[in-house]
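Inspection log for the structure reproduced underneath, given as structure tokens.
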Amino acid sequence: TATEDDGVLDVNELPVRYDEAQLWRIYNISESMSRRRNMMPLADILESKYGGTVWKENSKFLDVSIEKNHIKAARAFLENQNLMSEVLNSNIQELIDQESAIGVNMTQSEMGQRTKKSARSGIHWKDYHDLDTIYAFMREIRGKFPNICRLYTIGKTAEGRDLKVLRISENPKEYKKIWIDGGIHAREWISPATVTFILYQLMSKWQDHPEYIRQKTWYVMPVMNPDGYVYSRKVNRLWRKNRAPAKRSQCLGVDLNRNFDIGWSGYGSSTNPCSDTYRGESPNSELETDAVVKFLSKRKYNLESYLTFHSYGQMVVYPWAYKAVKVKDAGVLQRVANTAVQRIEKKTGQIYRASVTHEVLGIAGGGSDDWSRAALGTKYVYTIELRDRGQFGFVLPPSQILETAIEGYTVVDTVAQAIQ
Ligand code: ARG
Ligand code: ZN
């Protein structure tokens with residue numbers, strides 16, 4: 001099995017740096033878009049001509065990082081287009097360095113806490129972890145609760161890494177099922193961190209949980225895109241896609257959340273392998289997508305919920321994303337989401353928004369959430385966009401992991417409670 005340290009990555013591959021790259025928030029995109037009918041979308045222009053990396057795009061704004069040497073030209077371009085913008089951060093490399101500096105400047109007592117390993121895997125929620133630690137944690141849980149846990153390798157990645165799912169259940173045949181995944185997008189590190197925390201919350205006091213938790217079958221996949229995750233830790237912090245080579249392009253990687261078989265050839269994804277939202281050659285073309293689709297299709301009986309964790313934006317959203325229509329029982333989904341965001345605010349003070357996806361994130365086909373709803377008939381389908389709201393974006397400081405993870409668990413608990 002490939003791991004992070006066995007040389008899968010080319011040793012000559014130098015880390016990508018973002019010195020003095022800026023993160024911008026550009027407003028009134030949709031307005032300018034409609035004026036720009038038949039023209040290249042703004043995001044594509046910024047990516048192809050101005051060294052831009054799109055962080056987030058929705059109906060209200062576009063967050064994009066611009067490399068240092070393109071800033072002047074990009075600024076002129078925006079002015080020319082009469083686009084309002086704001087600088088969210090003026091040195092992304094500094095953000096990235098701060099994120100990983102924890103540990104270097106740690107006090108003795110922090111160090112002590114960190115090495116006090118209650119678990120063999122050494123997992124904790126003060127920092128982000130490599131893939132091996134996450135997988136060791138999954139094995140550790142299985143080892144501690146062999147009667148109710150089952151660890152699956154549901155497939156392999158292009159670079160040979162395992163795709164792992166942990167099932168927790170006292171009665172897999174009877175209990176209603178809840179699927180939870182994280183790490184579809186490589187750079188959203190808070191997502192696997194939150195999903196591992198959810199595992200920990202579930203298992204550390206399993207016997208004390210109410211029936212609505214214990215009498216469920218849980219399927220948990222903390223990292224759906226291990227190759228991308230490793231690459232984002234080793235080479236490019238802002239990598240989003242998987243690492244599959246393309247047939248006809250030097251660029252590689254497919255956006256797994258545009259590769260599922262629902263509205264696949266529609267809006268919100270790209271046919272260009274160099275794009276960050278490249279949808280792939282065909283629906284399910286990717287090993288990761290294929291593995292999840294096959295695994296869940298066999299288990300769709302009793303599958304009541306599909307929860308998928310992303311960042312950032314602080315939202316709890318439900319289908320549809322691929323078209324501007326709400327699912328039939330949107331009222332129920334909205335109410336449960338409302339409860340979740342209210343409970344989050346009480347717990348941590350953070351404001352999350354509950355909504356239908358297309359209204360707040362724009363229309364995009366090929367998502368795992370819509371696929372689960374359309375193909376499997378899953379009722380409670382939610383995409384959770386974790387912290388923050390743009391200050392740090394994907395590079396969320398480790399000091400915020402624990403509280404964010406608690407917010408994620410609050411959604412899980414609320415949804416489980418809604419399923420009786
Ligand atoms: N940020 C996520 C993405 O772009 C949002 C997913 C919402 N669902 C969807 N099917 N587009 O993938
Ligand atoms: Zn995402």
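The values are calculated or read from the model by the stated rules, or taken from the named source; none is laboratory data. Since we're looking at a predicted model, the values are computed, not measured. A quick note on method: Cβ atoms are made from the backbone with ideal geometry, for glycine too, and the neighbour counts reach across all protein chains shown.
Overview of results
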| quantity | calculated |
| --- | --- |
| Subset of the range 182-235 that is more than 16 Å from ligand 1 (Cβ to nearest atom) and hydroxyl-bearing (Ser, Thr, Tyr) - its residue that is farthest from residue 172 (Cα to Cα) | 231 |
| Lone qualifier among 352, 382 - being within 16 Å of ligand 2 (Cβ to nearest atom), closer than 25 Å to residue 175 by Cα, in contact with a strand residue (DSSP E or B) (Cβ under 8 Å, 6 or more places away or on another chain) and aromatic (Phe, Trp, Tyr) | 382 |
| Output for the range 122-132, where each listed residue is surrounded by fewer than 18 Cβ atoms within 10 Å (Cβ to Cβ) and not in a loop (DSSP other than H, G, I, E, B) | 132 |
| Check on residue 143, surrounded by fewer than 18 Cβ atoms within 10 Å (Cβ to Cβ) and on the phi > 0 side of the Ramachandran plot | no |
| Residue 168 vs. criteria at pLDDT 95 or above, crowded, with 18+ Cβ neighbours inside 10 Å, at negative phi and touching a Cys at 6+ places or on another chain (Cβ under 7 Å) | yes |
| Residue selected from the range 199-239 under the condition touching a residue at least 12 places away in the same chain (Cβ under 8 Å) and of a type in the set (Lys, Arg), by the criterion surrounded by the fewest Cβ atoms within 10 Å (Cβ to Cβ) | 234 |
| Verdict on residue 190 being within 16 Å of ligand 2 (Cβ to nearest atom) and either crowded, with 24+ Cβ neighbours inside 10 Å or more than 13 Å from the chain's Cα centre (by Cα) (or both) | yes |
| Extreme residue, nearest to ligand 2 (Cβ to nearest atom), among residues of the range 355-379 that are closer than 25 Å to residue 193 by Cβ and more than 17 Å from the chain's Cα centre (by Cα) | 355 |
| Unmet requirement for residue 177, which otherwise passes all of (1) in a strand (DSSP E or B); (2) away from ligand 2 (no atom under 16 Å from the Cβ); (3) buried (at least 23 other Cβ atoms within 10 Å of the Cβ); (4) not aromatic (Phe, Trp, Tyr) | (3) |
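Listed here are the residues, each with its yes/no results for (1) of a type outside the set (Ser, Thr, Tyr); (2) in contact (Cβ under 8 Å) with a residue 60 or more places away in the chain; (3) in a helix (DSSP H, G or I).
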| position | (1), (2), (3) |
| --- | --- |
| 196 | no, yes, yes |
| 242 | yes, yes, no |
| 257 | yes, yes, yes |
| 260 | yes, yes, no |
